[in-house]
């Protein structure tokens, strides 16, 4: 089963999160219409997840112990993370969705 999780809740100001839920939901339905919206999870912390694969651009979101494969999507804010640090954290850097496909399929 494929489940899509997005961290759109502000932990310290949850009352300000509502507009982001709608934006993210509408975006996902438009861009990934083949996904079942019943399989969407919106959270404030992805670290609580247990999953086979987690793909994220924020290293802090990949820190959960229950994640088997942790793919760090390259972004401006994580480019400086060294190969040694990636190895230590058990992260695999990916630069595009074709690389994700090669790793997972």
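The values are calculated or read from the model by the stated rules, or taken from the named source; none is laboratory data. All values reported here derive from a predicted model rather than from experimental measurement. Counting neighbours? That spans all protein chains shown, and the Cβs are built from the backbone with ideal geometry, glycine included.
Summary table below
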read-out: Test: residue 54 is at negative phi, surrounded by 12 or more Cβ atoms within 10 Å (Cβ to Cβ) and in a strand (DSSP E or B); value: yes
read-out: Those residues of region 77-86 which are surrounded by 10 or more Cβ atoms within 10 Å (Cβ to Cβ) and not in a helix (DSSP H, G or I), in sequence order; value: 81
read-out: Test: residue in region 87-101 that is at pLDDT below 95, out of contact with any helix residue (DSSP H, G or I) (no Cβ under 6 Å at 6 or more places or on another chain), surrounded by 11 or more Cβ atoms within 10 Å (Cβ to Cβ) and not in a loop (DSSP other than H, G, I, E, B); value: yes
read-out: Whichever residue in region 29-39 is assigned to a helix (DSSP H, G or I) and at pLDDT 90 or above and, among such residues, is surrounded by the fewest Cβ atoms within 10 Å (Cβ to Cβ); value: 38
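For (1) within 19 Å of residue 104 (Cα to Cα); (2) assigned by TED's automatic domain parsing to the domain that holds residue 98; (3) within 12 Å of the chain's Cα centre (by Cα); (4) without any contact (Cβ under 8 Å) to a residue 40 or more places away in the chain, each residue gets a yes or a no:
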site: 21; (1), (2), (3), (4): no, no, no, yes
site: 31; (1), (2), (3), (4): no, no, no, yes
site: 37; (1), (2), (3), (4): no, no, no, yes
site: 53; (1), (2), (3), (4): yes, yes, yes, no
site: 62; (1), (2), (3), (4): yes, yes, yes, yes
site: 65; (1), (2), (3), (4): no, yes, no, yes
site: 72; (1), (2), (3), (4): yes, yes, yes, yes
